[in-house]
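Here's the structure we're looking at; comments come further down.
The values are calculated or read from the model by the stated rules, or taken from the named source; none is laboratory data. Source: prediction; values computed, not measured. Cβ: placed from backbone, ideal geometry, glycine included. Neighbour counts: every protein chain shown. We work out accessible area using only protein heavy atoms, side chains counted, and drop any ligands, DNA or RNA first. Shrake-Rupley method; radii C 1.70, N 1.55, O 1.52, S 1.80 Å.
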Amino acid sequence: MSGYQVAVVGATGAVGTKMLEMLAEADFPIAGVKLLASKRSAGKVLLFKDQELVIEETTAESFEGIDIALFSAGGSVSKEFAPEAVKRGAVVIDNTSAFRMDLNVPLVVPQVNELALKEHQGIIANPNCSTIQMMVALEPVRKAYGLSRIIVSTYQAVSGAGVSAINELKEQSQKMLNDEPVEAHILPCGGDKKHFPIAFNALPQIDVFSDAGYTYEEWKMMNETKKIMADETIKVAATCVRIPVVSGHSESIYFEVKDELATVFGIQNELEKAPGVVLQDDPATQLYPTALTSVGKKETFVGRVRKDLDDDLGFHMWVVSDNLLKGAAWNSIEIAESLHRLDLVRVPK
């Protein structure tokens, strides 16, 4: 069978397992799949299209003969092994923050800046999950009416922090319902000094704090938006909040357009036509996106589009997406599909 040899690095993680699921639906030829993870996970078995695949330990030599390498095993792993994969002829699609702001690495959401892939030098970065869905929702607006300002508040699911965070949410929730003492070890950020319960709570911190009182997650959204849209003039501010939802990130977005002729109807019309967007927006029937209804879906859902009452150029929208799919695994697969369609991967054998 002709096709690409594909490697999934971090195959046992929350995103890695979704990458494997999405590969089964990919629109490009696959000749073989190699699963890579840490030494601890080596020897475990996962299924791909009813075929049992044995996980191997990640080494530099693992990438011999690989055409496309999907990375989601943490930034340190990507920094160590992504260049090794490229040396051996693979194109790397990296789901960590290791290369996102590297000037030589395209940061890609295919619905927004697919042609940036033509500039790749072996590594392509997958944006932050919360950035991806915001870009999918705002790009149709930007194309039609221009964008000058974005203010976003996120309501992010715990699956964005990994399987251990999901387990901690479930354990804390059960203990609280039983009126038992609750301990916190992971959230809001495993690398910070203090930890707080996420069950029945909202934590206004994702990642550690950085400059000007913003967290790294907030800086990611602000900087990545400007890079993806190739516009340093867009004003962007973000507040990122973790909430006790397993999967599905939600975002409240205020944005200002440049065109005075923009209307709610016009924006809704552009969203309805946009690839990867599902408009769910009828307040009269309480139709709007929710985190639960986004789970397992590849699309980005948009609703509650409305005019700001004080600013003639201001509008609001509510955006929801499965953070493990469009926010990570599926966007990576779409990048691979784009690479194939644009003939930017090694010719299949």
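Of the residues 200, 196, only one is farther than 30 Å from residue 103 by Cα, part of a loop (DSSP other than H, G, I, E, B) and touching a residue at least 40 places away in the same chain (Cβ under 8 Å); which? It would help to see each step written out before you state the result.
Values: 196 fails: touching a residue at least 40 places away in the same chain (Cβ under 8 Å).
Of the residues listed, the single one that is farther than 30 Å from residue 103 by Cα, part of a loop (DSSP other than H, G, I, E, B) and touching a residue at least 40 places away in the same chain (Cβ under 8 Å) is 200.
Residues of the range 4-16 being surrounded by fewer than 24 Cβ atoms within 10 Å (Cβ to Cβ) and either modelled with pLDDT of 95 or more or in contact with a His (Cβ under 7 Å, 6 or more places away or on another chain) (or both), which ones? Working first, answer last.
Taking the range 4-16 first, the residues surrounded by fewer than 24 Cβ atoms within 10 Å (Cβ to Cβ) are 5, 12-14.
Scanning the range 4-16 gives a single hit, 5.
For residues that are open to solvent by less than 80 Å² (accessible area, probe 1.4 Å), out of contact with any Leu (no Cβ under 9 Å at 6 or more places or on another chain) and not hydrophobic (A, V, I, L, M, F, W, C), scanning just the range 42-65, find the one that is nearest to residue 10 (Cα to Cα).
43
Sort out which residues of the range 213-223 are closer than 18 Å to residue 254 by Cβ and surrounded by 20 or more Cβ atoms within 10 Å (Cβ to Cβ), and write them in order of number. Break it down stepwise before answering.
Just the residues of the range 213-223 that are closer than 18 Å to residue 254 by Cβ, to begin with: 214, 218, 221-222.
Correct list: 218, 221.
Might you let me know whether the range 262-280 holds any residue that is open to solvent by 30 Å² or more (accessible area, probe 1.4 Å) and in contact with a Gly (Cβ under 6 Å, 6 or more places away or on another chain)?
Yes; the residues of the range 262-280 include at least one that is open to solvent by 30 Å² or more (accessible area, probe 1.4 Å) and in contact with a Gly (Cβ under 6 Å, 6 or more places away or on another chain).
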